[in-house]
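Notes follow once the structure below has been shown.
The values are calculated or read from the model by the stated rules, or taken from the named source; none is laboratory data. Remember, it's a predicted structure, so these values are computed and weren't measured experimentally. All Cβ positions, even for glycine, are placed from backbone atoms using ideal geometry, and neighbour counts span all protein chains on display. To get the accessible areas, we keep the full protein, side chains included, count just its heavy atoms, and leave off ligands, DNA and RNA. Shrake-Rupley method; radii C 1.70, N 1.55, O 1.52, S 1.80 Å.
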Amino acid sequence: MIILGINETSHDASASLIKDGEILFAAHAERYSKEKNDWYINNNLIKDVLQYGRPDYIAYYEKPALKASRLFLRGGAGDWKPRFDLKGVPRKSFKHHYSHAAAGYYTSKFNDAVIVVLDAIGEYNTSTIWVGEGNNIKLKHKENYPFSFGLFYSAFTKLIGLMPNQEEYIMMGMAAYGDWKKYYKKVDNYFPNYHTQLYNFHRGITDWGLITEQDKFDIAAAVQAVYTTRMMEFMRMAKLITGKKNLVFMGGCALNSSANTSLWKIYDSVWIMPNPGDAGSSLGAAAALYGKHLDWQSPYLGHDIGGEYPVDKIIEGIRKDKIVAVATGRAEYGPRALGNRSILADPRDPLIKDKVNLIKQRELFRPFAPVVMEEYADRWFDMKFTSPYMQYTVKCLQPDKIPSVVHADGTSRVQTVNKQQHSGLWEVLNRFYKETGVPILLNTSLNIKGQPLLNDERDVRMWQSQYDFTILR
Ligand SMILES: [Fe+2]
């Protein structure tokens, strides 16, 4: 049975295709349309996905009528009516949070777990707790709009002049430069415990008066601290009411890599699907219809640009220029470039960070992430778990040796790689390690600030005509 999963009508539309539990394809609409956080499916994406098979069913990631009722009765942003259709193919819809839960649980290795979904808003649900046992997923607890972890974070993102629903990750990065104590109490007053908020964040925060540049960093730090505290309270409650030791964490909030690290303090094992936000829900809807675990192999599920991993060229390029760009094989499904649409650079050079920021036209304070051989990860970073999808921020143990991938607070958002996960990238790191004694490279997405990652041949040609920078293939 072939199932096409679809999510659209809100930020981050995507499409996925599964066949009898095998994931054949999964990709974001924005990579094809070049419209960041694109709300709708486009023809090029559909052409790409249908190459992998004609679906027997379409699975849709939320209940359109239920969402329409919320928009009508209680307001909020968004469309509710899906545009995509495939004549003659039957369609089934699943609740927004159930699609998140299914995307997480059915791609995990767990047969017994608690599933926590925290996002801005689904139809009505904003925070849910589920139990996954065998093939079944059952709802245990829910909180509804306007209470929302995601809307809380997004409202402050907007307050400090960033784009809500898009630039939360920038605010998270800014937190490292702020004094969290300065505004902690003030921010905490809006969200005093894990089930109470004294504000409808959808309306935006308007009562702060003048905010200086330094205030923005201090507010970011306070919001991150309050978010982490409340999130951990919610996670402890989830453990208490379900008695589970394995956690599946999904929803846009699971992209908060700084807070995610704390989850390992209360759970034995944690799985966050590499695309936990709404862009992951096309796969979630397909998985929900299938109703069983999927064979999760890797996040390299998007457009196939072809080619073998150019190990020799990367090593030569880094030796010569310290920075290289790579576009090869299948694009990553999820917001992080994990080696196939990446800029890789020598992390030992303290000036590399600024150079890469200039290429990408980003703010100079923005941090970069390291990719490290899994075998050596715990010698370089304070971590007792692996992080194959760059989902956790941990303390760097040797910051002087790799200054370009260490944030202002001494942490790094680490990607660990083993041979099975990505043999080409692992070999690049292994060769670099043999030459330098450092099993780490800087790894950042191949894009320009605010634009989607490069996807196909056309994007590569466009980049190369605009920039004097060769993309290795
Ligand atoms: Fe969501």
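Checking every residue in the stretch 188-196 against the condition of being within 14 Å of the ligand (Cβ to nearest atom) and touching a residue at least 12 places away in the same chain (Cβ under 8 Å) gives zero matches. Being of a type outside the set (A, V, I, L, M) and touching a Phe, Trp or Tyr at 6+ places or on another chain (Cβ under 9 Å) holds for only one residue in Asp179, Asp112, and it is Asp179.
Among (1) within 15 Å of the ligand (Cβ to nearest atom); (2) in contact with a Pro (Cβ under 9 Å, 6 or more places away or on another chain), which single condition is Ala102 missing? Against the list (1) within 15 Å of the ligand (Cβ to nearest atom); (2) in contact with a Pro (Cβ under 9 Å, 6 or more places away or on another chain), Ala102 comes up short only on (2). Going by the conditions given, is Ser281 in a loop (DSSP other than H, G, I, E, B) and modelled with pLDDT of 95 or more? Criteria not met by Ser281.
For the stretch 177-193, the condition holds for no residue, the condition being that it is within 27 Å of Arg413 (Cα to Cα), open to solvent by less than 30 Å² (accessible area, probe 1.4 Å) and in contact with a Ser or Thr (Cβ under 8 Å, 6 or more places away or on another chain). Only one of the numbered conditions (1) under 24 Å from Ala77 (Cβ atoms); (2) more than 16 Å from the ligand (Cβ to nearest atom); (3) open to solvent by 50 Å² or more (accessible area, probe 1.4 Å) is not met by His202, and that is (2). Pairs are defined by a Cβ separation below 8 Å, a sequence spacing of at least 6 or placement on different chains, a first member in the stretch 447-473 that is within 22 Å of Asp312 (Cα to Cα), and a second member that is acidic (Asp, Glu); no pair meets this definition.
For the stretch 10-60, give me each residue that is in a loop (DSSP other than H, G, I, E, B), crowded, with 22+ Cβ neighbours inside 10 Å and among the hydroxyl-bearing types (Ser, Thr, Tyr). Ser10 - this is the single residue of the stretch 10-60 that is in a loop (DSSP other than H, G, I, E, B), crowded, with 22+ Cβ neighbours inside 10 Å and among the hydroxyl-bearing types (Ser, Thr, Tyr). Pairs are defined by a Cβ separation below 7 Å, a sequence spacing of at least 6 or placement on different chains, a first member in the stretch 87-99 that is under 19 Å from Arg54 (Cα atoms), and a second member that is open to solvent by less than 60 Å² (accessible area, probe 1.4 Å) and within 11 Å of the ligand (Cβ to nearest atom); the pairs so defined are Ser93/Glu62. The single condition among (1) at pLDDT 95 or above; (2) in contact with a Gly (Cβ under 9 Å, 6 or more places away or on another chain); (3) surrounded by fewer than 20 Cβ atoms within 10 Å (Cβ to Cβ) that Gln224 does not meet is (3).
Note on the stretch 58-90: residues that are closer than 13 Å to Ser282 by Cα and away from the ligand (no atom under 16 Å from the Cβ) amount to 2. Note on the stretch 61-75: residues that are open to solvent by less than 30 Å² (accessible area, probe 1.4 Å) and more than 26 Å from the chain's Cα centre (by Cα) total 3. Close contacts from the stretch 124-135, counting a first residue that is modelled with pLDDT of 95 or more and aliphatic (A, V, I, L, M) and a second that is in a strand (DSSP E or B) and open to solvent by less than 20 Å² (accessible area, probe 1.4 Å), with Cβ to Cβ under 9 Å and a gap of 6+ residues or different chains, come to Ile129/Val114; Ile129/Ile115; Ile129/Val116; Ile129/Val117; Val131/Ala113; Val131/Val114; Val131/Ile115. If you scan the stretch 345-365, which residues turn out to be open to solvent by less than 20 Å² (accessible area, probe 1.4 Å) and touching a residue at least 60 places away in the same chain (Cβ under 8 Å)? Hits for the stretch 345-365 are Ala345, Asp346, Pro347, Ile352, Val356, Lys360.
Within the stretch 120-137, being touching a Phe, Trp or Tyr at 6+ places or on another chain (Cβ under 7 Å), away from the ligand (no atom under 14 Å from the Cβ) and open to solvent by less than 10 Å² (accessible area, probe 1.4 Å) holds for one residue alone: Gly132. In the stretch 138-149, the qualifying residues are those that are open to solvent by 10 Å² or more (accessible area, probe 1.4 Å), within 16 Å of the ligand (Cβ to nearest atom) and in contact with a strand residue (DSSP E or B) (Cβ under 7 Å, 6 or more places away or on another chain), and the one that is nearest to Met171 (Cα to Cα) is Phe147.
Evaluate the stretch 76-97: report whether one residue or more is closer than 23 Å to Asn260 by Cβ and either open to solvent by 40 Å² or more (accessible area, probe 1.4 Å) or of a type outside the set (A, V, I, L, M) (or both). For the stretch 76-97, residues closer than 23 Å to Asn260 by Cβ and either open to solvent by 40 Å² or more (accessible area, probe 1.4 Å) or of a type outside the set (A, V, I, L, M) (or both): present. When every residue of the stretch 238-256 is checked against the conditions, none turns out to be β-branched (Val, Ile, Thr), away from the ligand (no atom under 16 Å from the Cβ), surrounded by fewer than 21 Cβ atoms within 10 Å (Cβ to Cβ) and not in a helix (DSSP H, G or I).
Just checking, does the stretch 105-119 include any residue being open to solvent by 10 Å² or more (accessible area, probe 1.4 Å) and within 11 Å of the ligand (Cβ to nearest atom)? Among the residues of the stretch 105-119, not one is open to solvent by 10 Å² or more (accessible area, probe 1.4 Å) and within 11 Å of the ligand (Cβ to nearest atom), which makes the answer no. Here the stretch 292-344 is the region considered, the condition is being of a type in the set (Asp, Glu) and outside any loop (DSSP other than H, G, I, E, B), and the residue that is surrounded by the most Cβ atoms within 10 Å (Cβ to Cβ) is Glu332.
Suppose the filter is open to solvent by 60 Å² or more (accessible area, probe 1.4 Å), at pLDDT 90 or above, farther than 19 Å from Ala120 by Cβ and not aromatic (Phe, Trp, Tyr); does Lys216 pass it? In short, no. The residues of the stretch 151-165 that are open to solvent by 10 Å² or more (accessible area, probe 1.4 Å) and touching a helix residue (DSSP H, G or I) at 6+ places or on another chain (Cβ under 8 Å), listed by number, are Leu151, Tyr153, Ser154, Leu159, Gly161, Leu162, Met163, Pro164, Asn165.
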